[in-house]
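The values are calculated or read from the model by the stated rules, or taken from the named source; none is laboratory data. Computed from a prediction, not measured in an experiment: that's the story for all the values here. No Cβ is skipped: glycine too gets one built from the backbone with ideal geometry, and neighbour counts run over all protein chains shown. Ligands, DNA and RNA are excluded from the accessible area calculation, which covers all protein heavy atoms including side chains. Shrake-Rupley method; radii C 1.70, N 1.55, O 1.52, S 1.80 Å.
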Amino acid sequence: MSNPNEAPQPQQPGNVPPAGYQPPQEYQAPPSYQAPPSYQAPPSYQQPAPGSAQAAYGVPLSGRDNTPPAGLGYAAPARNTFGLDFNNIAQRFRDTTGVPQQLTISYWLWIAAAVLGILLSIVNVGIISSQLGGVFIGAAITGLVFGIIFAAFYVFCAIRLKEGARWARIVLTVLGAFALIGLFGQMITGNLSFIGSAAAVAAAVLMWLPESRKHFL
């Protein structure tokens, strides 16, 4: 039995936690360190093969292909070569297999312009000899010789045109521009050469139409 005279003993400080005290959580070790993935070197650059769909920097390579157009009826020279080969020149002249229709018409118009040039040169020789006599006949014959050479060059460029040679299209474009310049003067003076010039201008236009352009890609 307790003695009423005994005073209650105060509690020792630190024995009782203050109100709201939360005991510390149990220590959690951090997750184990994960090393970053090893460095992967980028793949080495591979140069696109000729004729592939994309070239470096996304530029299509189709326009750089120098192989002859597919579908031709004979083995044609590469696009970027001059292509002077007489082994199968007869077939190269007449065969238009695999050539777009618009470009085929352009081809035969260039041939017609060349033939008309020769015929008109012969007519000029006859006119000069009958009207001016033999004084100028030598100049007329010289003009005929150059006309034949020029017509042969027309024909050869036209053959290379239908074989997809880009240089031939550029050359014939320049010749068509000259024909257009001369066409107006020939029509005003009544010179029969305007027929060949008109054929050359029409041929130059046809070879740049969308259907024809596909043959040079």
Counting only protein heavy atoms and leaving out ligands, DNA and RNA, the solvent-accessible surface of residue 146 at a 1.4 Å probe, in Å² to the nearest 10, equals 140 Å²
Residue 189 accessible area, nearest 10 Å², 1.4 Å probe? 110 Å²
Calculate the spin-label point distance for residue 167 paired with residue 82, positioning each point 7 Å from the Cα along the beta-carbon direction, and give it in nanometres. 0.8 nm
Dipole of the range 131-217 [Lys/Arg +1, Asp/Glu -1 at C-beta], most positive-end residue of 203, 151, 165: 165
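Of 137, 111, which has the most accessible area with a 1.4 Å probe, and how do the rest follow in descending order? Don't skip to the answer; put the middle values down first.
Working: 137 50, 111 15 Å².
Descending order: 137, 111.
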How much of residue 79 can a 1.4 Å solvent probe reach, expressed as accessible area in Å² and rounded to 10? 10 Å²
Exposure ranking of 162, 214 by accessible area [1.4 Å probe, largest first]: 214, 162
